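A short worksheet on the structure shown next.
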Amino acid sequence: MVGSITEFDTVLRLCQEQHRRIILATLSHEKRSLTVTDLTKTILKHNHHTPLAEVPEEEAKQIRLTLHHVHLPKLADHSLVNYDQEQQLVQPTPQFDQLEPQLSTIIDADPDIETPIAL
């Protein structure tokens, strides 16, 4: 259980954006470190429902940039992931494991996300 109202509010804020929900759902399902490329492909696959080869490269680049500059740093700032920018590697933390039941509940409630989200 989330330890306080502040933590619960933080979890809700972190899950407001669909790309972060997809990242969290993928990490929850995979239970391992993932590359930024893996996460980009998963977001593209989920959002487009078309083969990745048909997605414009500019769109993939934009998603990678928002992951790098916005979403992954925000998740890392709240200790849900360790984000190694140099290696482009994202790893769930023990804090992620503790909050996974609450995260899963929020993700499962999203009608636009079919879980599990696999690579």
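Just wondering, is there one or more residues in segment 102-117 that are under 14 Å from PHE8 (Cβ atoms) and either β-branched (Val, Ile, Thr) or without any contact (Cβ under 8 Å) to a residue 40 or more places away in the chain (or both)? So far as segment 102-117 goes, yes, one or more of its residues are under 14 Å from PHE8 (Cβ atoms) and either β-branched (Val, Ile, Thr) or without any contact (Cβ under 8 Å) to a residue 40 or more places away in the chain (or both).
What about LEU80, is it within 13 Å of ARG20 (Cβ to Cβ) and in contact with a Ser or Thr (Cβ under 7 Å, 6 or more places away or on another chain)?
Working: within 13 Å of ARG20 (Cβ to Cβ): yes; in contact with a Ser or Thr (Cβ under 7 Å, 6 or more places away or on another chain): yes.
Answer is yes for this residue.
Of everything in segment 10-51, what is outside any helix (DSSP H, G or I) and surrounded by fewer than 18 Cβ atoms within 10 Å (Cβ to Cβ)? Give them in sequence order.
Within segment 10-51, the first condition is being outside any helix (DSSP H, G or I), and the residues that meet it are 15-17, 31-35, 49-51.
Result: GLN16, GLU17, LYS31, ARG32, SER33, THR35, HIS49, THR50, PRO51.
Residues in segment 61-114 that are in a loop (DSSP other than H, G, I, E, B) and modelled with pLDDT of 90 or more were compared, and the one that is surrounded by the most Cβ atoms within 10 Å (Cβ to Cβ) is LEU80.
Return yes or no: is THR26 more than 21 Å from GLN102 (Cβ to Cβ) and under 12 Å from the mean Cα position of the chain (by Cα)? Spelling it out, it is not the case that THR26 is more than 21 Å from GLN102 (Cβ to Cβ) and under 12 Å from the mean Cα position of the chain (by Cα).
The values are calculated or read from the model by the stated rules, or taken from the named source; none is laboratory data. Fair warning: this is a prediction, and the values are worked out from it, not measured in the lab. Cβ coordinates were reconstructed from backbone atoms using ideal geometry, including for glycine residues, and neighbour counts include every protein chain displayed.
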